[in-house]
Amino acid sequence: MAGAAEFLAALPADRWAIVTFASKKLAQSRLEAAALAKPRVIVTGEDVAVGKPDLQCFPLGAKRLGFRAANCLVSEDVEAGVKAGRAAGARRDSRSGHWSRS
């Protein structure tokens with residue numbers, strides 16, 4: 001996504017997380033390959049029993065940041081993540097095509 005690196009770099013380090021069902025190693029590799037900053041909080045498939053569209057990943061990420069999921073913004077690129085974000089009660093990033101169709 002154009003501008004993602006600049007956007008993430010502008011965020012306070014303790015205010016954002018990556019939530020993925022990928023392994024921690026794969027998630028870190030993808031961040032490095034995309035030249036994106038690594039957040040303090042990364043929730044991976046190793047942290048949850050069930051992947052998206054189950055909602056458990058987003059409340060866990062929010063909790064690790066010190067927030068409730070309802071006070072977080074979720075930006076997703078796949079429908080399973082959209083469903084998980086909705087189920088968790090998170091706010092939606094309106095720039096994503098998936099969110100705009102909901």
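Considering only Phe67, Phe58, Phe21, the mean-square fluctuation computed in a Gaussian network model of the chain, springs between alpha carbons under 10 angstrom, is largest for Phe67. The portion of the accessible surface of the chain made up by carbon and sulfur, rounded to a whole percent, is 54 (1.4 Å probe; DNA, RNA and ligands excluded). What number, in percent, do you get for the relative contact order of the chain if the mean sequence gap of Cα pairs under 8 Å and at least 6 apart is divided by its residue count? Once divided by the residue count of the chain, the mean separation gives 22 percent. Overall, the chain carries a charge dipole of about 220 debye about its Cα centre when +1 sits on the Cβ of Lys and Arg and -1 on the Cβ of Asp and Glu, all other atoms neutral. Among Lys38, Lys83, Lys63, the largest mean-square fluctuation in a Gaussian network model of the chain (Cα springs under 10 Å) belongs to Lys63. With protein chains left intact and a 1.4 Å probe, residues in the chain average 60 Å² of accessible area per residue. Of the Cα atoms belonging to the chain, the radius of gyration and Dmax stand at 12.7, 33 Å. Helical content of the chain, expressed as a calculated mean residue ellipticity at 222 nm, amounts to -10500 deg cm²/dmol (DSSP H runs of 4 or more residues, -39,500 (n - 2.57) each, divided by residue number, nearest 500).
The values are calculated or read from the model by the stated rules, or taken from the named source; none is laboratory data. Keep in mind that this is a model prediction, so the values were computed, not measured. Note that each Cβ is placed from the backbone with ideal geometry, even for glycine, and that neighbours are counted across all protein chains shown. Protein only, heavy atoms only, side chains kept; ligands, DNA and RNA dropped before computing areas. Shrake-Rupley method; radii C 1.70, N 1.55, O 1.52, S 1.80 Å.
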